[in-house]
Amino acid sequence: MQQGDTISAVATAPGAAGIGVIRLSGEHALAVAEQIFQPAHKTPLRERPNQSMTYGHIVDGSGKTVDEVMVLVMRAPHSYTCEDVVEIQAHGSAQALRKILRLTWQHGARQAEPGEFTKRAFLNGRLDLAEAQAVMDIIEARSERSLQMAEGHLNGAFSARIRGLRDGILDMTSQIEALIDFPEDGVEDVETPEIDEKIARLQEDIAGLLKTAHTGRILRDGLLTAIIGKPNVGKSSLLNALLREERAIVTDIPGTTRDSIEEYANIAGVPLRIIDTAGIRETDDKVERIGVEKARDYVGRASLVLALFDAGRPLGEEDREILQLIAGKDAILLLNKSDLTPVTTVSALKEAANDKGAAVIPLSTVTGEGLDDLAAAIHERAWQGSKEGEEEGFVNDERQAEILRQASAHLTAARETILEDMGLDCVSIDLRSAWEKLGELTGDTVGDELIDTIFSRFCIGK
């Protein structure tokens, strides 16, 4: 369906660039563009072939040239929004783009809301909700695996799995409801054990999807990883080694890192949101003390902790405090400076941690020894329960996971209804609830308020 008014926005990232794009969408997109665009060969945009480029200039009300541009025309329904769309490709000057955008508003368009182009694509049936959400996931993808997952969602791989589940539920519901509504028409009788078996298989499929949620969320959002240790143990050197650049200051002066440094790194295909924290120790320095408290806080929030210890020195009270701090956390113990004569060994560190099965990796941020082992350990933690190469169908956020859990709960209720012999009409109600709940993933049964909330998180121009 058409949305009525015509919207416009800058569709490219802010900042100087070779090209900047202004996108218009709506019933009057061509008419608005024609009022500000002078084609070099005089043929009006409305007479240009669909999906064609036209060279010319943007002019203001006085006829003064604003910029030299190329204009792309895409008529409904063969466009991103399924509406008439015009894209003005100008030079990437922020000033020129702002002026062109204002001209579109002066001639009948309005500022697009965040995500409104993609919202229109969803409302007009070009994308379902899972595919629409994947648009931003592609933009924000931080690793090749993240991109593969997002592209799979955009191409409908995840939605296909959900529709398969819904179709299975609908088949059972239709059969049950037909028997209830038209018993005299000879509809084939429904065997409740058969229905129960089908529901069990659907729940197994949902459970399989939920197993991918851990990895899917990591690929989408990054694994929040805190690097901790006492001062001068090599935390900033490890950050630099993981980033493959000199991001953090490295000196032999204790307390150099007073605040937390946050960066993204791609480790074995896993996007890490790494926080390099201040060295944990007692200090009278007010600023450093704040940094130490922030370090403790990050340990509590992190999904993975990389705890560094100095192989060249005996374990001290600060080391033991760190071991207590990470107790119960998903942590990898790193015995740094393994290129030096060892004073603290792997077995000694495990004994101090009171955990003979603790993951301990000797490494050297100077020689690079152990970094491959660390990458492998991170990869193993990220992919638990999931298979590489199947990212296209992964669950990738908590909303999706919760919907699947609730749908499975409705299916459980249906099986309990069968067990208690409460009647097929009650079974049908539970199955219908599961079917509607799964529809929230694709947008088939989602309300306007949730749609607005989801698309408000998009950037303007997308």
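The values are calculated or read from the model by the stated rules, or taken from the named source; none is laboratory data. This structure is a prediction, so every number in the text was calculated from the model and none was measured. Neighbour counts run over all protein chains shown; Cβ positions are idealised from the backbone, glycine included. Ligands, DNA and RNA are excluded from the accessible area calculation, which covers all protein heavy atoms including side chains. Shrake-Rupley method; radii C 1.70, N 1.55, O 1.52, S 1.80 Å.
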Longest segment of the chain lacking GluC sites (Glu not before Pro) that sit in a DSSP loop with at most 16 other Cβ atoms within 10 Å
28-187
Two pseudo-spin positions, 7 Å from Cα along C-beta at Leu179 and at Ser456, lie apart in nanometres by 4.6
In the chain, whole DSSP H helices that both stretch 27 Å or further along their axis by alpha carbon positions and average at least -0.5 on the Kyte-Doolittle scale are 157-181, 192-211, 398-419, 424-442
Multiply the residue gap between Leu340 and Ile19 by 0.36 nm, knock off their C-alpha separation, and tell me the result in nm, one decimal place.
110.3 nm
For Gln38 and Glu113, what does the FRET efficiency come to when R0 = 30 Å and r is the distance between their Cβ atoms, rounded to the nearest 0.05?
0.50
So, R0 is 25 Å and r is the distance between the beta-carbons of Ile138 and Ala160; what FRET efficiency does that work out to, to 0.05?
0.90
Round to the nearest 10 and report in Å² the accessible area of Thr192, as given by a 1.4 Å probe over the protein chains' heavy atoms.
60
Under unit Cβ charges (Lys, Arg +1; Asp, Glu -1), what dipole magnitude, rounded to 20 debye, does the chain have relative to its Cα centre?
2400
Non-local residues with an amide H under 5 Å from the amide H of Gly229, with H modelled 1.01 Å from N and Pro and chain starts lacking one, are Ile280, Leu308
Measuring from centroid to centroid over Cα atoms, what is the spacing of the range 400-451 and the range 83-104 in Å?
46
Largest-first ranking of Asp171, Asp297 by accessible area, probe 1.4 Å, whole protein assembly kept, is Asp171, Asp297
Approximate spin-label separation Thr367-Arg399, in nm, with each point projected 7 Å along Cα-to-Cβ
5.0
Run the simple label-point estimate for Lys211 and Leu147 please: 7 Å along Cα→C-beta, distance reported in nm.
2.9
Computed over the chain, protein heavy atoms only, probe 1.4 angstrom, the accessible area per residue in square angstrom equals 47
Can you pull the percent of the chain's accessible area that's carbon plus sulfur, 1.4 Å probe, other chains left in place?
49
Over the range 332-389, what is the relative contact order in whole percent, taking alpha-carbon pairs under 8 Å and six or more residues apart?
34
